[in-house]
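What follows is a short report on a single structure.
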Amino acid sequence: MPGTGWSPWRWCRGTCPGSVWTSTAQRAAMLGNHVRRTEQLAAGRVPRPELVIWPENSADIDPLRNPDAAAAIDRAVAAVGVPVLIGAVESPPAGGLRNTAIRWEPGAGPTGTYVKRRIQPFGEYMPMRSVVRLFSDKVDGVQRDFTPGTEATVLAMGRARVGIATCYEVAFDDTVIDTVRGGAQLLAVPANNATFGRTDMTYQQLAQSRIRAIEHGRAVLVAATSGVSATVAPDGQVRHQTAQFTPDALVAQVPLRSTTTPATVLGGTVESVLAALGAAGLLAAAAQPLRRRRATRTRPGAG
């Protein structure tokens, strides 16, 4: 829709009954679900989108090393005919795993990546492994730690410049601020959430995404494999929302914004000033009894 300032998008999701790390077959099923859903959306029942967003871990089988996974993604992307953001787990021969969002384009394949910078302790890496093992042998379930990314990459997808905060990252001010300052016109939050089951964690993450939308005046697209997925308007209103553990797809128009807000410009400065004022207030309150005792001792006739 040239010139309107709105970008149609779709995201596709599959089902995942539990942790995505349980088996190769389950990881293959996850990828297959997203491929099929994308092909179904490409069947012409709705207008062609400008971009497609898949959730975090939608391609747990590394498509940069596995030809079958790459071919399946190629097929889906060719069918829909627009750039698709793939949530992949990269497994390089050496070093840690990488939680990566890959821009996959028709006829060109992978053309850009964003590597998750804020990785989750006790989920994507195990801190103090030897100490934690004293309390639980489940520590060995994380056999290979993830390696964090270092750059706030913004990916051009169609007319949109998409900033990415993968799952856990949306909780951190600096991660989102860097992305918006880098030119993001809308924000994507690919998420997994399968490990948390049917708890309220996914709703907490949605609330965090709403705050980010308000802070930076950006639409936020939450795409989850098993949790709640949603489109969030720049004013924080949830326009569309899915149920948990339900195969579904959303089609929506969202605004592309390039303006900046005070939260984008000032970043954590306001929080630091407020924290300093709060600390000063506490110190002043704590000093009141001492000042009263001194005043009592210096009054004439005080014993």
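Worth a mention:
- Span from the region 162-192 Cα centroid across to the region 115-143 one, whole angstrom: 24
- Net lengthening on full extension, M128/A25 (0.36 nm per residue, minus Cα-Cα): 34.0 nm
- Kirkwood Rh, angstrom, region 22-87 [1 / mean 1/r, Cα pairs]: 12.0
- Here region 87-181 was treated as a single set of alpha-carbon atoms; its pair distances binned every 5 Å from 0 give 3, 12, 20, 20, 17, 13, 8, 4, 2, 1, 0 percent.
- Phi angles across region 230-240 convert, under the Karplus curve 6.51 cos²θ - 1.76 cosθ + 1.60 with θ = phi - 60°, into 3J(HN,Hα) values of 7, 10, 10, 6, x, 8, x, 6, 7, 8, 9 Hz, Gly and Pro given as x.
- Against the empirical 2.2 N^0.38 Å (N residues), region 59-123 has a Cα radius of gyration ratio of 1.15.
- Largest-first principal axis extents of the Cα set of region 177-293 (Å): 68, 36, 20
- Ligands, DNA and RNA excluded, the heavy atoms of E56 present near 10 Å² of accessible surface to a 1.4 Å solvent probe.
- Accessible surface of R65, taken over heavy atoms with a 1.4 Å probe and every protein chain present, rounds to 140 Å².
- Screening the chain for DSSP H helices whose Cα atoms reach 15 Å or more along their own axis and whose mean Kyte hydropathy is at least 0.0 gives 67-80, 269-298.
- Quarter the surface of the alpha carbon convex hull of region 150-209 and you get the mean projected area, 4.5 square nanometres.
The values are calculated or read from the model by the stated rules, or taken from the named source; none is laboratory data. Note that the structure is a prediction, hence the values are computed from the model and not measured. Heavy atoms of the whole protein, side chains included, go into the accessibility calculation; ligands, DNA and RNA do not. Shrake-Rupley method; radii C 1.70, N 1.55, O 1.52, S 1.80 Å.
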